[in-house]
Amino acid sequence: MEFHHLLEKIVQDGSTHAKWLNTLSFMENAGARKISKCEHPVLVTQIQLKHAAEEHRHAYYLKKQIGKINPELCKTYESQELLAPIATRQYLHSLDVKACRYLQEAFQLNKEDLKYAAYLFVTYAIEVRADDLYPVYQDVLTKVSSKIMVKSIILEEEGHLEEMINQLNDFSADWKTHADHVLTIEKELHEQWMNAITEEVTQLNYA
């Protein structure tokens, strides 16, 4: 099912829409925690702190939006409150593991440097995806005149992508070749995630 069409289905049903918002919130929170985990014990850049703070804020903002549907829904990140919980939890974790494996082979890094490389390349891949995902979601929200909005997230994610590219330029002159490899890994994992969500949403709508 095409993503736009999938979102149109999701926003039609309040509890499914709340789960979708909660799933995005979970992803943003997991991303923020991964950024913090990649920090060097002392050599933490301002930009890394900014990213972690903004991703945490996105997680909070998306969680808050659920209240516009029903304040009683999706209060935690427990499995029954997420869409395709297994695939959702696996997506970022698998991306991290597979990207680290690739980057270790490509750059032969020590533990701290590998953490930083993973932060750069994994965050880049996620920002490229966010730049794709949130505008489509906002488009669907606008079409159905929803009270929910993600415009503020779109603007910040665009800024993040620019900042990641600047950092990658400093990291390696040949970063694009390696980033393309990580994007290929992400694409496959994203497809698995979307397929799992599509399967669940289809079952919900035709139950």
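General remarks:
- Hey, GLU54 surrounded by fewer than 18 Cβ atoms within 10 Å (Cβ to Cβ), of a type in the set (Asp, Glu), on the phi < 0 side of the Ramachandran plot and modelled with pLDDT of 90 or more or not: no
- Qualifying residues in segment 123-176 (those that are in a loop (DSSP other than H, G, I, E, B) and not charged (D, E, K, R)) - the one farthest from the chain's Cα centre (by Cα): ALA173
- Residue selected from segment 76-93 under the condition assigned to a helix (DSSP H, G or I) and of a type in the set (D, E, K, R), by the criterion nearest to ASN195 (Cα to Cα): ARG89
- Selection within segment 30-47 - within 17 Å of GLU157 (Cα to Cα), buried (at least 17 other Cβ atoms within 10 Å of the Cβ) and not charged (D, E, K, R): ALA30, GLY31, ALA32, ILE35
- The set of residues in segment 16-29 being surrounded by fewer than 20 Cβ atoms within 10 Å (Cβ to Cβ) and either in contact with a Gly (Cβ under 6 Å, 6 or more places away or on another chain) or under 24 Å from VAL97 (Cβ atoms) (or both) consists of ASN29 alone.
The values are calculated or read from the model by the stated rules, or taken from the named source; none is laboratory data. These figures come from a predicted structure and were not determined experimentally. Neighbour counts are summed over all protein chains in view; Cβ atoms, including those assigned to glycine, are modelled from backbone coordinates with ideal geometry.
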